[in-house]
Amino acid sequence: MKSTPLRRAAAALLAASLLAALVPGTAMAAPAPGQVQVAASLDKPELVSAGYTGFTLDWDAVTGANRYEVRFSTRSDMAGAPVIEKVNSRYLGDLEDATTYYIQYRALYREPGSDYGEYVRSAWSPTLKATTQANYPGAFTALETTGGQDSITVSWNRTADTTHYTVTIADNMAMTLRPRTYLNVTGTTLTIRNLTHGSRSSMPSFIRVQAHNKTYKTRTSVRLTAYPAAPVVGGSEPLTVASQNLLCASCTVTGAPHWNTRKLTHLKTIKAKNPDVLLLQEAMNVNIPGTASTKAMTDFQARLKTIGYALDRTPEKAGTKHYWNRVAYKSSKYTVVKRGTFALPTPAGQDRRGAAWVALKSKKTGKIFYAVSYHVDPKLPLTGSVSKTAVLQTIDRQMKTINTRNRAVVVGGDMNSSFYQLPSNAPHEAFIKAGWTDTASSAAKTDFLYPTTNGYRKQQTSTFGRIDYVFTKNIAGTASYENVLDIDAAGRLRSTPASDHNMVLARLKLK
């Protein structure tokens, strides 16, 4: 007859009884009520398969056993382990995914004549250690960002089968420029502070959220484009500033009409937008094509005067040392206190470039502020001692010297650098780092995502292709910003522009 654990238990009890009877002083420990310890251990349960929420187990049938009990715990000491009764099933379910469990079983034997439900139980088997499979985290369905001052808060839905999240923010769409990673986020919201592209920048940040389970199976969210909140607007005296690269009278671009047509379009736009200060680039006083001696800017100065504008200085003759930039202002509202120019870094062999500046005094309030127009040579490298970045650093340094009383300053021009510069828009970043504010950071923006160059072609949105900017210093925030375009809903030009560059317009308030 085959020995079974229960028969071995009976034999052990009999031997112990005989020993106690034959050897004086030998006592047999009484078994716990309803439980007889089996002398030989059961075999360890086998793992057939692991699912996401359970295990399929197997063990040899114990002869004479009516049923079995299984206990399991995430602790190896089995503290607090629940006990599940099994008859024929070997499946253990309702478990957590990606979790390690310790599992034992024991045999239950019902002795003849015992009451229903009364069993003799074997000892627990050796322990099986097994881990459930990990579900992929559930879907992201409610991603959003909100901006604070120099901060962005990202929030998302609680995804299923997720233990923690990773949040990554970067300054480019490839998520490779200055990435910052926040690990082991257990909540569903995170505020990211001290942004490189902060409130004064106007440049976007890009955010992704990843959901993980315990084995680091990962679901990644879509990429979010996010901005911090706009700087708070202060001040009381309105000031509207525009920057316009004119496309010089002798310059040729495919689709551009003759200067005599374009100058009238410029004047129409200026009159319609009505800026208080107009920062002009490519204001070269060359002969108007087709004329013997009519100077373009001398003519344009006279035409500006008819709509209420004066220039910072009389246009000089074209030459290798002229600066091509002018500051126009409403003569009814402002008087010139000081004016001047300073040199800017220029590539070897190119016409010398510089910035034109003027200190204007409000006839109404007596407030004095500075206005600066500049144009960066496109042939300059992005960084270095003679570079696009060096141009902006020179402007900042020169204006600190000129503006000794820290009055408000507006600077506008063609920077010939955009968000798409690689590895980054370094001239813009240098200016922001120096304390300037890009007026496109305004909460109220019009056609912000279109490029500021039009090429006389259909416009494409979501390009971050601005190369023309208006910056401020010692001015709190920007009331509104506009990239001045005449386009339909499909981005097609409804009228022929006066230049291949759009006017950019900022409405400010002087304190």
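Rule-based calculations on the coordinates, nothing more; no lab input. What you see is a predicted model; the values in this text were computed from it and never measured. Cβ coordinates were reconstructed from backbone atoms using ideal geometry, including for glycine residues, and neighbour counts include every protein chain displayed.
Brief remarks follow.
- Computed E for M78/E111 - FRET, C-beta separation, R0 35 angstrom, nearest 0.05: 0.85
- Shape of the range 365-487, Cα gyration tensor, a/c cut at 1.5: oblate
- Prolate/oblate/rounded call for the range 277-366, Cα gyration tensor, a/c under 1.5 rounded: oblate
- By other beta-carbon atoms within 10 Å, ranking S385, S151 with the fewest at the front produces S385, S151.
- Rg followed by Dmax, in Å, when the range 144-226 is reduced to its Cα trace: 12.6, 41
- Whether the range 239-510 is rounded, prolate or oblate, judged on the alpha carbon gyration tensor where a/c under 1.5 counts as rounded: rounded
- Looking at the chain alone, DSSP beta bridges between its own residues are antiparallel in about 85 percent of cases.
- For the chain, the fraction of alpha-carbon pairs lying more than 36 Å apart is 52 percent, rounded to a whole number.
- Counting Cα-Cα pairs of the range 101-152 in 5 Å increments starting at 0 gives whole-percent bin shares of 4, 12, 10, 8, 9, 8, 7, 7, 6, 6, 6, 5, 5, 4, 2, 1, 0.
- Paramagnetic label zone (point 7 Å from Cα along Cα-to-C-beta, R494; backbone N under 18 Å) in the range 240-267: 265-266
- The angle separating the long axis of helix 388-402 from the principal Cα axis of greatest extent in the chain is about 60 degrees.
- Once C-alpha pairs closer than 8 Å and six or more residues apart are averaged by separation and normalised to the residue number of the range 144-226, the relative contact order reads 35 percent.
- Residues in the range 485-511 that a label on K333 would reach, taking backbone N under 20 Å of a point 7 Å out along Cα→Cβ: 485, 503-511
- Karplus 3J(HN,Hα) series, Hz, for the range 298-309 with 6.51 cos²θ - 1.76 cosθ + 1.60 (x for Gly, Pro): 4, 5, 5, 4, 5, 6, 4, 4, 5, 10, x, 10
- Across the range 239-510, Cα pairs under 8 Å and at least six residues apart give a relative contact order of 20 percent.
- Fewest-first ranking of T100, T389, using other Cβ atoms within 10 Å as the exposure measure: T100, T389
- Along the range 194-202 the Karplus relation, 6.51 cos²θ - 1.76 cosθ + 1.60 evaluated at θ = phi - 60°, assigns HN-Hα couplings of 6, 6, 5, 8, x, 4, 7, 7, 6 Hz to successive residues, with x for each Gly and Pro.
- Full-extension gain in nm, D486 to V386, via 0.36 nm per residue minus C-alpha separation: 32.3 nm
- Sorting 441-454, 110-123, 216-229 by average packing, meaning the other beta carbons within 10 Å per residue, from highest down gives 441-454, 216-229, 110-123.
- Per residue, the convex hull spanned by the Cα atoms of the range 52-177 measures out at 186 cubic angstrom.
- Summary of the geometry: the range 249-277 and the range 372-447, compared by the centres of their Cα atoms, lie 24 Å apart.
- Cα long-axis angle, helix 259-273 against the chain (0 to 90 degrees, to the nearest 10): 60 degrees
- The chain: relative contact order as a whole-number percent, Cα under 8 Å and 6+ apart: 11 percent
- Rounded to the nearest 10 degrees, the inclination of helix 5-22 to the longest alpha-carbon principal axis of the chain is 50 degrees.
- Debye intensity ratio I(q)/I(0), log10, the range 63-110, q values 0.22, 0.24, 0.27 Å⁻¹ (C-alpha model): -0.80, -0.90, -1.04
- Part-to-part distance (alpha-carbon centres) for the range 40-58 and the range 110-162, which is given in Å: 18 Å
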